[in-house]
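In what follows, a structure is listed as C-alpha cells, so that the remarks can point back to it.
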Amino acid sequence: MIGRTLGLYFALRFLQSLGVIFLTIFGLIFMADFVEMLRRAGDVPNTPLSLVLLLCLMRTPMIAEQALPFATLFGAMAAFINLTRKLELVVARAAGVSVWQFLTPPVLAALGLGVVVMTTLSPGAALMKDKADSIEAGIFKTQLSAQDSNKWLRQRGRDQQSILRADFSTEAGLRLTGVTAYVFDLKGRFVERVDAVESRLREGEWEMRDALVTAPATDPKQMEIYHLGTNLQPTQVAQSFVAPETVPFWSLPRLASDTEAAGLDAVGYRLRFQQLLALPTLLAAMVLIAACFSLKLSRMGGVGLMVLGGVGAGFVLYVSSKLVSDLGGAGMLSAPVAAWSPAIIANLLGGLTLLNREDG
C-alpha cells in the first residue's frame, strides 16, 4: 500500500496545481466583471471604487463555482504531467506503487473538496451574490440589464389584477427594486400604472415605497406608500424571481417542498440540489479523466496531443452534462438521473480507460 507521506505528497501537489488554475480563472472572471461594473458605475456619480471592488468580489464566487470541474481537470493534468516529467511517478512505480494507489490520494482530495464546496462555499457564494444584488439595486436604480429585464409577474388581488416588472430582486424575491405595476380591473380594463423605487411582499399585498401613480385622465401623483393587493405566497414569488443557482444548498430541499405544496413546478430546485450532491463524484471523475491523458512519459513526445485530448474530453463531458441537465429541467428525465448520470458515466469511462492502459 502507498505510504501516508507519499499519499499526502501526491494529494498536496494536486491541490496546489488546482489552486493555481482556479485562482487564475477566478482572477479573469473578476477582471471582466470589474471592467463591466466600472462602465456601469461611470453613469452613477460619486460611486466609490472600493464599493465596486467589493461588489465584484461578492459576485465572482458564484460564477467561478461553475468553472471548478474544469479547474480540477486542468489541475490534475498539470500535477500528473509535472510528476511524470520529474520522474517521480516513474520512481513510485518502480517501488511497486500501482497507478490506482497514487491516484487514490488525488481522488480522495477531489471528493473532499467537492463536499466542502457543496456544504460551505456554495451556500456562502449564494448569500454573497444575494447581498451583492441588494447593494447593486441601491446603486444602479435607473439601470436595467438585459439579464434582469425578463422579471415579470402576473397576480390577482381582491378587486383587481396586475402585472409586475422588477429590475432587481433580493431576499428570495420578497424585496423588489425598480418596480413597475400595471393594474387592471377584474374585467381586464386598464386602471393605472405604478412606478416604485422599492416593493416588499407583506401578507396579502405588496408595500410599494416612493410610488408614482399614473392613471388615465388624471395628473400623476406621488405616494410615499402604495398598497397593491396580491394573492401570491412567498414560494410562488420565489418561483418567478429566484433562480435555483442562487439558492443556498441547505435551503433547496425546503424551497422545493414549499414550491410543490403551492402547486408549482419545483424541478429546477430539485435538479440543482442533486447536481450539488453529485459535485464530489464529478470532481473525482475529472481526476480519472486527467490521468488517462497525462501519465505518458514526456520524453516520448506527444504531450501537446495529450493535453488537447484531455481538454476535448472535458468539453465533451461539459456538453453532455448540459444536455442531460436541460432534459432534466424539461421534465424528460428525473432530477437524480439528470444530475448523477454524467458523473457516474465519466467515472466508469475513466476507470475503464485506465484499466485498459495500465492493467490490460
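Things to note:
- Within region 332-349, the set of residues being surrounded by 22 or more Cβ atoms within 10 Å (Cβ to Cβ) and closer than 26 Å to Leu295 by Cα comprises Pro342, Ala343, Ala346.
Quick grid of which residues meet (1) charged (D, E, K, R); (2) more than 29 Å from Pro248 (Cβ to Cβ):
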residue: Arg272; (1), (2): yes, no
residue: Leu279; (1), (2): no, no
residue: Leu283; (1), (2): no, no
residue: Leu288; (1), (2): no, yes
residue: Cys292; (1), (2): no, yes
residue: Leu305; (1), (2): no, yes
residue: Gly310; (1), (2): no, yes
residue: Asn347; (1), (2): no, no
residue: Gly351; (1), (2): no, yes
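The rows are residues; the columns are (1) among the charged types (D, E, K, R); (2) open to solvent by 50 Å² or more (accessible area, probe 1.4 Å); (3) in contact with a His (Cβ under 8 Å, 6 or more places away or on another chain).
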| site | (1), (2), (3) |
| --- | --- |
| Leu212 | no, yes, no |
| Ala217 | no, yes, no |
| Pro220 | no, yes, no |
| His227 | no, yes, no |
| Val242 | no, no, no |
| Pro248 | no, no, no |
| Asp258 | yes, yes, no |
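- Scanning region 313-326 for residues that are open to solvent by less than 60 Å² (accessible area, probe 1.4 Å) and either farther than 17 Å from Val287 by Cβ or in contact with a His (Cβ under 6 Å, 6 or more places away or on another chain) (or both) yields a total of 3.
- Verdict on Ala32 being assigned to a helix (DSSP H, G or I), among the small types (Gly, Ala, Ser), without any contact (Cβ under 8 Å) to a residue 40 or more places away in the chain and surrounded by fewer than 18 Cβ atoms within 10 Å (Cβ to Cβ): yes
Here is a yes/no grid of residues against (1) at pLDDT below 80; (2) in a strand (DSSP E or B); (3) polar (S, T, N, Q):
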{"residue": "Leu144", "(1), (2), (3)": "yes, no, no"}
{"residue": "Gln155", "(1), (2), (3)": "no, yes, yes"}
{"residue": "Arg158", "(1), (2), (3)": "yes, no, no"}
{"residue": "Phe168", "(1), (2), (3)": "yes, yes, no"}
{"residue": "Ala172", "(1), (2), (3)": "yes, no, no"}
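- Count of region 84-119 residues which are under 20 Å from Leu283 (Cα atoms) and hydrophobic (A, V, I, L, M, F, W, C): 14
- Unmet criterion (only one of (1) at pLDDT below 90; (2) surrounded by 21 or more Cβ atoms within 10 Å (Cβ to Cβ)) for Ala196: (1)
- Of residues in region 317-348 being of a type outside the set (Gly, Ala, Ser) and over 20 Å from the mean Cα position of the chain (by Cα), the one farthest from Leu279 (Cα to Cα): Met332
- In region 1-29, residue most open to solvent (accessible area, probe 1.4 Å) [restricted to those that are farther than 14 Å from Ala71 by Cα and of a type in the set (Gly, Ala, Ser)]: Gly3
- Among (1) open to solvent by less than 40 Å² (accessible area, probe 1.4 Å); (2) under 28 Å from Leu127 (Cα atoms); (3) at pLDDT 80 or above - the single one Glu205 does not satisfy: (1)
- Options Leu83, Leu8: the member that is modelled with pLDDT of 90 or more and in a helix (DSSP H, G or I): Leu8
- Total residues in region 167-190 satisfying the condition of being farther than 18 Å from Ile225 by Cβ and in contact (Cβ under 8 Å) with a residue 12 or more places away in the chain: the figure is 13.
- Scope region 104-135; condition in contact with a Leu (Cβ under 8 Å, 6 or more places away or on another chain) and of a type in the set (S, T, N, Q); matching residues: Ser122
The values are calculated or read from the model by the stated rules, or taken from the named source; none is laboratory data. Just so we're clear, the structure is a prediction, and the values are computed from it rather than from any experiment. Positions of Cβ are generated from backbone atoms using ideal geometry, with glycine treated the same way; all protein chains shown enter the neighbour counts. When the accessible area is computed, the model is the full protein with side chains, heavy atoms only, and any ligands, DNA or RNA have been set aside. Shrake-Rupley method; radii C 1.70, N 1.55, O 1.52, S 1.80 Å.
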